[in-house]
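As structure tokens, the structure follows; a few thoughts come after it.
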Amino acid sequence: MMKLRALAVLLLTTMLVAGCGSKSKSSTPPPTTVPNVPLAAQTADQWAHRVVDWFLRPLNPDLAVVGNFANSQVRFYIETQNQQALNTIYARMSDLQRCGDHLLRVGPPPGDDQQLKSIDSHFRQACTAYVQVGATLARATKLLSSGKQGQVASGEQALRGIGSTTRKAAVELIAGVKLAQQRGEFRRAGLKPSV
């Protein structure tokens, strides 16, 4: 069920926004500060571009990893300590854990537009859940790739229950995207309607 929900989110965001995030190879926890936070967006168009470029596009490759984590081939790569697979997972989950930093850079929507505030709220709630998902999958990867039976079992245990958190994140993300798709500012920023 987790795989189905994550895949639905992955497909939705892939259809909506093209692009890639950072390619960090670090497995250390992400920094909690955001350098160079710009001034608040002055217009809805400026804010929509920031959401698309600084939040949705970087999130897309992270969600690809979340969606494929339960894939038997990916699990085989983890358990056999395939370095490329491990580096990719750690980099993407590190970025996913910085979801809140991406939104901090985007900043709050300008003015008193309740629909923009609702979009922002949905994305922030999704982000809170995705931070937990990223931390859990990074920890599980470390345990599953250890080669030690006890730690592998702990890795499997860490994955139990992650489905509900992933679903919560997906529901909030989809709700925010659907609202954003109705707005011209987001279409001008590159957000495509879902099929």
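Of note:
- The one condition in (1) within 19 Å of the chain's Cα centre (by Cα); (2) assigned to a helix (DSSP H, G or I); (3) farther than 21 Å from Q73 by Cβ that L191 fails to fulfil: (2)
- C127 passes every criterion in (1) open to solvent by 40 Å² or more (accessible area, probe 1.4 Å); (2) under 18 Å from R50 (Cα atoms) apart from (1).
- Annotation note: Cβ proximity below 9 Å between a residue of the stretch 63-88 that is within 21 Å of R160 (Cβ to Cβ) and in contact (Cβ under 8 Å) with a residue 12 or more places away in the chain and a residue that is open to solvent by less than 60 Å² (accessible area, probe 1.4 Å) and part of a loop (DSSP other than H, G, I, E, B) (sequence gap 6+ or interchain) occurs for R75/F69; I78/F69; I78/S145; E79/S145.
- Pairs are defined by a Cβ separation below 9 Å, a sequence spacing of at least 6 or placement on different chains, a first member in the stretch 168-179 that is closer than 14 Å to A48 by Cβ, and a second member that is open to solvent by 30 Å² or more (accessible area, probe 1.4 Å) and not hydroxyl-bearing (S, T, Y); the pairs so defined are G176/H122; G176/R124; G176/Q125; V177/H122; L179/Q115; L179/H122.
- Number of the condition not met by Q115 [criteria: (1) open to solvent by less than 10 Å² (accessible area, probe 1.4 Å); (2) part of a helix (DSSP H, G or I)]: (1)
- Positions within the stretch 48-107 being open to solvent by 30 Å² or more (accessible area, probe 1.4 Å), of a type in the set (S, T, N, Q) and under 19 Å from E172 (Cα atoms), in sequence order: Q97
- Residue in the stretch 178-185 that is at pLDDT 95 or above, in contact with an Asp or Glu (Cβ under 7 Å, 6 or more places away or on another chain) and part of a helix (DSSP H, G or I) present: yes
The values are calculated or read from the model by the stated rules, or taken from the named source; none is laboratory data. In this text the structure is predicted, and so the values were computed from the model without any measurement. A quick note on method: Cβ atoms are made from the backbone with ideal geometry, for glycine too, and the neighbour counts reach across all protein chains shown. Note: areas computed on protein heavy atoms with side chains; ligands, DNA, RNA excluded. Shrake-Rupley method; radii C 1.70, N 1.55, O 1.52, S 1.80 Å.
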